[in-house]
Structure formats: structure tokens, C-alpha cells
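Encoded as C-alpha cells, the structure appears first; notes follow it.
The values are calculated or read from the model by the stated rules, or taken from the named source; none is laboratory data. Here the structure is a predicted model, which means the values were calculated and not measured. FYI the Cβ positions are ideal-geometry reconstructions off the backbone, even for glycines, and counts take in every protein chain you see.
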Amino acid sequence: MRAGEPDRPDPDALLRQASQESRGRLKIFLGAAPGVGKTYEMLTDGAARARDGVDVVIGVVETHGRAETEALVRGHEVMPRRAIPYEGRTLSEMDLDAILERAPRLVLVDELAHTNAPGSRHPKRYQDVEELLGAGIDVYSTLNIQHIESLNDVVASFTRVRVRETVPDSILETAEIEVVDIPPDELIERLKAGKVYLPQEATRALSHFFSKSNLSALRELALRRAAQAVDAQMLDHVRALGVGGTWAGGERIVVAINELPGADGLVRAAKRSADALHAPWTAVYIETQRAQSFGEAEHRQLAAVMNLTTRLGGSVATVPAISIVDGIKAYLKDARATQLIVGKSHRSRMFELRHGSVVDRLVRETPDVAVHVLPLDASPAQPRGFRIPRGPWGSRRGYLWTTAMVAGVTAAASALFHILDLGNVALLYLLPVMVAATLFGLRTGLFAGLASSLAYNFFFLPPTGTLTVNNPENVISILVLLGVAIVTSQLTSRVRAQADMAAASARANAALAGFLRRLTPLGDPVELARAICEDVARLFDLRTVLLVPSGGTGLVIQAASDLQFRLETMELAAAQWAYDNGTPTGKGSGTLAASDWYFQPLRAGENVQGVLGLAKENGEDPLRPDQLPLLTSLVDQAALALERLRLEEEMRDVDVVRTRDRLRAALLSSVSHDLRTPLTAVMAAAAELHHGVTPDLIATIEAEAARLNRFVANLLDMARVEAGALNLKVEAVDLTDAVAGAAHDARRSLEGHAIQLAVPPAMPLVKVDQQLLHHCLLNLLDNAGRYADPGSPIIIEAAHSFGMLKLSVIDEGPGLPPGREAEVFETFRRFEGSDRAVGGTGLGLAIVKAFSEAMGMTVEAANRTDRTGARFSLCFPSPLIVRNSSPESEL
Amino acid sequence: MSAKILVVDDEQSIRRLLRNTLERAGHQVVEAVDGRSALAMAAIEKPNAVLLDLGLPDRDGLELVPLLKKEGDTVILVVSARDATDQKVAALDLGAADYVTKPFDGEELLARLRVALRHHGVSETAPKIFRKGDLEVDLDQRIARRGGVEAHLTRKEHDVLALLAANVGRVVTHQRILAAAWHGSEDAPVEYLRIVIRNLRQKVEEPGAVGSVIANELGVGYRLLGDS
């Protein structure tokens, strides 16, 4: 908790400040009611700034024909509005793109709470303003107090006028607020003088709205809200500086929401408390069995409440649980909440008697948490009296079976009646009741209880053949049968509910685990993107598309669930928006909602890796609220997987560069040594020839020139390997033939060594590039010739076993340093004291390895076991081996 | 045997080196530095042989091969740093007698030149007997004798060896061998040839000296090495 280290600057607060420095600044002219003069004030203020030399334009201002206001407008540059055709009419809206293009220092935007015409980029004007701020443009705007989201229902409670156009509180938190205030009496005067413009439809509510008491209350609210904003900004400032101040002791507020109307009121109340306490807050929805019976309306309501929470700056959590109380308790504990806000239940006394009041239990069972119980201000659609817990009516098959069972028991009991007493017969009837309640649910169970009681009464209770009861004992029997039906079905349905919940949760977990399993091994970005698209499409039955940024030209489609596929300009714009801003965009979100697609940014840490687009075939909202948590988990994993690939690629790039640098350094040192040494020898020997020709000088020139030649050949080979320019020309090659060629070309290095060829006659041909194999052998023979003891034989041996053909060059000499045999194939690897003396280049064996691997072969280096010396082998795996064919056929 | 040799190379050091080598062997040398002067010199001097570099400043040496042949009855040896097999095969197909890769061995160059000049104008008929060291191959009888050991040659082995023996010292391309020994079947697989050559090696070469009789010109063809 932060309170423990109060003097350290709070990183979040610093981040907020930092991000604001590049952003434009917002000033809101806040009024208590229409007509107080906000627009006038804004224009005056703007004019003053313009006089100071600031570049000011008017984005949009409604003058409502008032002369003073119009006079003020004339002093400014006014941006033309954009015409939007809508249902036959033409609506004009602020032209956001034109302003962004014009890029003034300050723009005046009237009526922050305005709702844009359908088809605009954002549904709300305050979102336009946020984009302007994001572009670094300062904005002046006007707002009435009743349009502030969290105060909306407070205002409505005493004015009885509810406005639909609201702005989230978050936009006020970073804004400078100037309250435009006139005394209520004066406002009423202005109203009477006709100086206040009011929309036609509002007039009827006005007499009430503009009462003095209302105006006073609104004025107080406005002043208080402004003070609160100042307070919050002050606190941010203090935190950013790390100045120890009074902290609102780590309060955490949780509000329990549900699908019932009125839950939005709870959320607004939570927001107000959170603001007052400067506490973080979360709306938690407990998902129980009930959620499965939700219809479209309930889902929509729940989604609206969750959206509201996010808009007001709270976070949302969904917790699956068996019961509401358990879920809330578990969440409170996890979140270390200090305050809980719940709605007062509309449930009847009867229900609470049976189930216990949720509120009572919460108060009792969460001793550390302050529980606030608020009324839910809307009543449910229909009052619920005693209600049997919801459940399906049961299948017709169930009733038929039950009837059959009761009939069967009746028949059996009649047959056995002579050996059973009446009580035992009643016991027999328990059987169909329990079976029916267990298998077919409560209603069928009750039906079984009723049928059993009737049958028992009719056939066995005296007087038999009638439905009368003459004994209180028998009444009890009937009640017991019904009771058993209820209890059994309750138990069963509870167990079944638990199992269903567990299954649902297991399904979600399995989906997530399966998704992870599929993504983890993928190393190719396109395959990964395809897997993400396919899995999400399959899990949610949607069309999907994954877009990723491509070097500077915006987003491109990396994969999609259906192959012939392209996005319209509109969709691309929405995707780009989601990518640029890191927020969901498109259908079902607050931005560019006219798109058929919903775009979710794939975000890992600070980086947005790409955008996942979702759409339903029929153009409906792609996701239900209850699918959001799973989607979020999947998207997080997908983003992580993409991030992992990106990091791996970066690592590889770094690795490649590092290796290349190392090679370059080694090459330079090798070139300077290996070229200069023989050149020096040749030049010196040639100069010496002027004084007389000796066989020694000639031999030196020949040997050193040969060494130069070999070095150049190796450099060329290595360059081909490095450039990846090995054009393999694969053909069937006979090893004896290959050895003959190599032995001929290497004869100079092999002088003084006998070659023992141990290649069995029936060796199959191999499919390789003869030229590359030749170079491999040449280098191996050359290597052997240089390291082998003088006069010792060099053995070339071929063996064919376990489907693998192995060609080895074996020498007699010092061998390789034990334990470091494989290192010999590294570029420029020369073991100490070994190579320079005999003029190696450090490239030969690296070329052997590179060429062999390019042809699908492997190389081995080992020391001889029978005596000292090295053994280098080329291994041809079975795919490279040619089946024997007969050359003697007469083609 | 003295001959007039035209050396075509744009590098003066190479021309000087070749002149030294050739004159030591008793040949007469004329020089050209590019394709145009090479054709002119060939027309005027009517050389017995041309040593032709492929990388000339004005045109590709390969183009010169047929043009030089048209100028007169001359033997063309390509001497080039290009070691790609397709270049070698192309030069041979265009009518060059042989191909020597730079850097070359002076003695080897002279030997190749000697072989090329000797074969020039002589119809290629296989000798009845091919001898090298203690190896003796009786091509009529299809018998190879080495150190008192006799080996019988199969028909294919005989056909291949006879063709190589008729061109002893010169490279014979795979294509030509396949066409001759497999009766014009152009697409007889080269692996048939490989196996025949391997079997031949067992019959004509010492176990410790593979390549001493039949040399493998990588990607181009085979050359029978005679006594020289």
C-alpha cells in the first residue's frame, strides 16, 4: 500500500502529468443551468487569448440568435461545419478533421455534452474534444452540471428532469473548471426576459426546473463539483511531487451490480463515494446459475452498467460463484476492499425467510467491510411473490415416465398389499418421487409427489376408492411425499448447478489452455496470427481478422478466419483507431460504432501488437457481456504470444549482428595474416631470384602461391555460404569417383602420404552437389595432409550401416584436443599451436560443415581410438542414398 | 612439335607468363588483348592453336569460340578463372578442345595443349590396346590385365573405356559418353555412368591410386590419363 512510503513520488500520478504535458489543456465553463452565460464567458475568454496573440478558432458555437453572443463570434475565425445527411435531413456537426488539419493553438467547442449525428466518428462531442486534446490542441468548452454522469441522477432526483446526454466525470478530472455563476434570481429574470434559449421539447418541464430552490441546489452542486476537481488535481500534484500529505487511508470501494434496472444508480453512488474518499473502486458482478436464464434484455442491461462503470473511471470484475454472498465475500477478500455498496433487495419477505437476506448475510459475514445498502431506484418489471426457483418445466417424457412409475408402484403395491402394511406402501411411493425429482427436476418431482399421494389416497388409504382422508397420520404421509419431492429436487438441482458452473468454468479454462497450447510452439508470425484468428473464431462463432502494423503504412491484414476477405475503409479506420489509441473500437464500443466490426487492440505492456477484429455473420453485436472475460484472457495471451515473437526476432537480429561482427573481425585478422604471410614469402623469394635460382626458392614460391590460391578459394566458398547463394545442383555421385577427384586436386598437400581407400565396391550412390562434396573432401584431405605425421598413411573409409552412409578421412597425428572436437568446425577456429605453423586458414573445416549441412548431411569430428590421430566424417542420411540401379540395361 | 599459338588475354602478366612457357616448349607465340584483335590475329596469323581467356574487355570469350573456329582450322583451349561447370561444358560444346582453370600449372597446360594438337585432325578411333604402366586393356577382347590379374569388361564398360581411350588425355563430357554408350539415349541417367566408371576403376586402377587412370572432371566429364 502506498501509505507506507509516502515520500516517494507516485509513478501513476507522474505518468498522468507527463501524458498531460504533450496533450492539449481543457478548460470547462461549468454552469448550474442553461442561460447563465457560459458560451458568452467562453467567447470573451477566447477573445482575450486571441488578443494575447494565441491562434484561436471556433470549432462550434450555438449563438441561438443572441446579439451579444453573435457579436463575439464575429471576432473569431469560425471553422465551417460538416454536413451529415441523415434520414432525409442534413445535420451539421463540428468538423473534427478540419480542425485537426487547421491545428490551431486553441479551439472553442460549445456544449460538451452534445450527441453527434449518427455516422460521425464519435457518438459524443466530448470524444471529439478528447481527440483534439490528444492532438495537442487546447480546448475551451461549456457544460451544465446536470450533464455530468455521476451527478445525473442526483439532479434528476430533485428537478425531475433527466437528461440523456452525459459526459463522464473523468473528462473533468484533468480539466480546468471555471464556474459561470449568476444568482438564481437574476437567472429567473433573464428567463422571463426571454434571454435564455431552451429547446422546444424542454419547455413543459421548465416551470419546475427553474424554481429558485432547484437553481440554488444546482448552483451548490456546480460549485462543489468544481471544488472537488480542483481538489483532485491538487492531490495529483502533491502525489507527483511526493510531498507527504493526508492520504485517504487506502480505502477501496466495491459495488455489487446485477442485471436489474437501477444498478446504474449504485454505480453512480459508488463513483461519488470514491471521489469523496479518493479511493479506487470496482463494480463486481457475481455470475451465478441465474445468468444462464438471462435473455437479451438482461445481458444488455448488464453490459450498460459495466460500460457506465468504465466511463466513470471504475474497473469491472466478473466473478463466477455458486451464490451471490459467496462470490461477493471472495471478491472482497481478494480486492482487500474496505467498503461495499449493495442495492436493497426487492425480494419478498417470503423469499428472504426461505433464502436468508443477502444483505443480512453480507453484513454478518464481512465484519471488516463497511456495507452500504442503497435502494434500487427502479422497481422490477413484475413483482415477484413466492417463486419456486427457476427451472425448466421439464420434458413431456419426464411426466410420462413419472406417470408410468407411479402406476407401476401402484400395481406392485396392490399385488403385495397382503404382506405390506399401509406405512410401507407409502414408503414404496417415495421411490417414483425421488427418481422423478432427481432425473427430471422439481416440477416433475412435485407432479410425482402429487400423483403418488393421489394414488396412495385413492387405492390404499381407507376409505379406498375415494379421495378423502380420515386420519391425520395419512395427511402427514401425503405431506412427506411432497416434501421429499421438494428436498430431493432442490439437492439435485443444486448439485447440477454446481456441476454446470464447474463445467462452464472448466470449458473456459480448457479453451484458454488449448489456445495457449496452440500458440506456444508457433514461431512464425503468420502462423501465429492464423491460429489466433481460427481459435477465436471457433470459440465465439465469429468472423475474425488480425491486423498488424506494417512499416509506416498503417495496418495490414496478417490473417483472417475466412480467406477471401477485405476490410472497407470504414473498418480499416476503426482498426487504426483501436491501434493508435489502444482502446476497443467499432460495433458495441463507444467509438465508430457504425462499423460492423469490433476491434480489440492486442496489448502487451505498453505496446499494442496489433488489432483483433470480430464480427458476427448477421451483423449483430459480436460479443455478449458474459463472453468478454474469456475474450479478454485470450486477447491478453495472444498479445503476449505476439510480443514474445517480436522479442525473439529482435534477439535474433541482435545475435546475427553480433555473429557477423565477430566473423568480420576474425576475417580481417585472418586476411591480414593469411594473405600477407605467403605474399611476403613469394615477394622475398622472387627478389632473391635476381641473385641466382635455387630449387628452395622455387619450392617456396610454389608452396606459398598454392597456399594463397587455397585461401582465396576458401574465402570465395565462405562468401557463398554467408550470402546464402549455394545453388545446389544435386545429382547422383559415386563416392569413389568423388574421392578420386578430390585426391587428384589435393595431391600437392598430400605429398608424402599414401592414401588407403577403404570404400567397399557395392557402396550406393549419393544424391549431393558434386562440386560442394568435392570442396568438402578437398578441405578434409588438405587438413589431414597438414596435420598428419610425415610419411603416415591417410585412410579414406566408407561404411554403410543403419541406413546411414559415412565417409571418413582418418589421419595419424596429434589429433584434436579431447572434449573440444566439435569446436573444430567453427569459423576461424584454430587450436593453439596447431594451425599457423602449417598454414591453415581456419576456414576449411567451417566450409566443410556449412556445405555438408546445405546438402542435408552432417559432419563429425573425433579422435581415433586405435592410435593418435583425428577422424573426420561426412554422414549421408538415408534420404540422400540412391537405390541401386543397373547401368547394363539396354536403353 | 612446334606450333603457332595465339594467346588471347587482357592481362599483360598472364600473356607474358604464357609466352615464356610456350616459347620454352618451342612454340611460336602471337598475342591479342581483346576479342576484336583476336579475330584479326586469327585471320592474319592462322595459328595452330588459340589459348582463349573468357573474361575479355569487349565481349564474352564464349562467343569467340565458334567465330575463331570459322577463321581457320584451329585448336581452341579455354584458359579462364571461371570455374563454373556450365561454362566449361558450354565451351566444350561450342567446339573448344579443352578447358584449363586459372591458376594453372605450366606443365599441365603444355600437356593439354600437346594432346589437343595431336588429336586435331585425327579421326577418333579407339586403339586396339590401351597401355599405361603395367596396365594393359585389350579393347577387342574386352580384357583388362594389371599385374598378372585379368578382368573381363562388360559391354558398357568396354563402350565407355573405348570412347575415353580414343580421346586419351582429353576430357569427354558426360553427355557424349552417355550418347555413345547408351546409343543416343540423351536422358540415360548419369548414375548409370557413375556405376560403370566405378566398376572400371576397380579393374584398371591400383586400390591406393584412385583417379590415376580415369580422372573425374567435376560436372563436366571424364578424362583417361595416358602415359605422358
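Considering every residue within segment B:72-83, establish whether at least one is over 19 Å from B:R36 (Cα atoms), within 14 Å of chain A (Cβ to nearest Cβ) and surrounded by fewer than 15 Cβ atoms within 10 Å (Cβ to Cβ). So far as segment B:72-83 goes, yes, one or more of its residues are over 19 Å from B:R36 (Cα atoms), within 14 Å of chain A (Cβ to nearest Cβ) and surrounded by fewer than 15 Cβ atoms within 10 Å (Cβ to Cβ). Taking the numbered list (1) under 19 Å from the mean Cα position of the chain (by Cα); (2) in contact (Cβ under 8 Å) with a residue 40 or more places away in the chain in turn, A:A574 passes all entries but (2).
Taking the condition of a type outside the set (D, E), at the interface with chain B (Cβ under 9 Å from one of its Cβ atoms) and in contact with an Asp or Glu (Cβ under 8 Å, 6 or more places away or on another chain), does A:P793 pass? Walk me through how you get there before you give the answer.
Values: of a type outside the set (D, E): yes; at the interface with chain B (Cβ under 9 Å from one of its Cβ atoms): yes; in contact with an Asp or Glu (Cβ under 8 Å, 6 or more places away or on another chain): yes.
So A:P793 passes the test.
Among the conditions (1) out of contact with any strand residue (DSSP E or B) (no Cβ under 9 Å at 6 or more places or on another chain); (2) at pLDDT 80 or above; (3) charged (D, E, K, R), A:E149 misses just one, which is (1).
Scanning segment A:443-483 for residues that are modelled with pLDDT under 80, crowded, with 20+ Cβ neighbours inside 10 Å and not polar (S, T, N, Q) yields A:L461, A:I478, A:L481. Pairing residues of segment B:66-81 that are within 17 Å of B:H119 (Cβ to Cβ) with residues that are charged (D, E, K, R) and part of a strand (DSSP E or B), at Cβ distances under 6 Å and at least 6 apart in sequence or on separate chains, gives B:L77/B:D98. Flag: B:P66 matches the condition of being more than 14 Å from chain A (Cβ to nearest Cβ) and surrounded by fewer than 21 Cβ atoms within 10 Å (Cβ to Cβ). If the condition is being of a type in the set (D, E), touching a residue at least 24 places away in the same chain (Cβ under 8 Å) and within 12 Å of chain B (Cβ to nearest Cβ), then segment A:690-745 contributes A:D717, A:E731, A:D734, A:D745. Going through segment A:854-879 one residue at a time, which ones are of a type in the set (A, V, I, L, M, F, W, C) and within 16 Å of A:S808 (Cβ to Cβ)? Passing the criteria: A:M857, A:V859, A:A861, A:A862, A:A870, A:F872, A:L874, A:C875, A:F876.
Within segment A:244-261, residues that are more than 14 Å from A:Y331 (Cβ to Cβ) sit with their Cβ atoms under 8 Å from residues that are of a type in the set (F, W, Y) and at pLDDT below 80, at 6+ positions apart or across chains, in these pairs: A:E259/A:F294. Does B:R131 meet the test of being closer than 30 Å to A:E751 by Cβ, in contact (Cβ under 8 Å) with a residue 12 or more places away in the chain, within 7 Å of another protein chain (Cβ to nearest Cβ) and within 21 Å of the chain's Cα centre (by Cα)? Spelling it out, it is not the case that B:R131 is closer than 30 Å to A:E751 by Cβ, in contact (Cβ under 8 Å) with a residue 12 or more places away in the chain, within 7 Å of another protein chain (Cβ to nearest Cβ) and within 21 Å of the chain's Cα centre (by Cα). Those helices (runs of 4 or more DSSP H) of segment B:1-95 in which at least 1 residues are touching a strand residue (DSSP E or B) at 6+ places or on another chain (Cβ under 9 Å), of a type outside the set (G, A, S) and modelled with pLDDT of 90 or more, considering only elements entirely within it, cover B:12-24, B:35-45, B:61-71. Any residue at all in segment A:639-654 that is modelled with pLDDT under 80 and surrounded by 16 or more Cβ atoms within 10 Å (Cβ to Cβ)? Checked segment A:639-654: no residue is modelled with pLDDT under 80 and surrounded by 16 or more Cβ atoms within 10 Å (Cβ to Cβ). Residues that are among the β-branched types (V, I, T), in contact with a helix residue (DSSP H, G or I) (Cβ under 9 Å, 6 or more places away or on another chain) and closer than 24 Å to B:P66 by Cα within segment B:11-46 comprise B:V29, B:V30, B:V33, listed in sequence order.
Restricting attention to segment A:487-523, the residues that are without any contact (Cβ under 8 Å) to a residue 40 or more places away in the chain and outside any helix (DSSP H, G or I) add up to 1. Note on segment A:716-768: residues that are surrounded by 17 or more Cβ atoms within 10 Å (Cβ to Cβ), out of contact with any Phe, Trp or Tyr (no Cβ under 8 Å at 6 or more places or on another chain) and β-branched (V, I, T) amount to 5.
Considering segment A:108-123 alone, what residues qualify as being in contact with a Ser or Thr (Cβ under 9 Å, 6 or more places away or on another chain) and at positive phi? Step through it out loud before you land on a result.
Step one: of segment A:108-123, the residues in contact with a Ser or Thr (Cβ under 9 Å, 6 or more places away or on another chain) are A:108-113, A:117, A:121-123.
Listed by number, the list holds a single entry, A:E111.
At pLDDT 80 or above and touching a Pro at 6+ places or on another chain (Cβ under 9 Å): does that describe A:V548?
Details: at pLDDT 80 or above: yes; touching a Pro at 6+ places or on another chain (Cβ under 9 Å): yes.
Here the answer is yes, as A:V548 does meet what is asked.
Number of residues in segment A:746-772 that are at the interface with chain B (Cβ under 9 Å from one of its Cβ atoms) and in a helix (DSSP H, G or I) equals 2.
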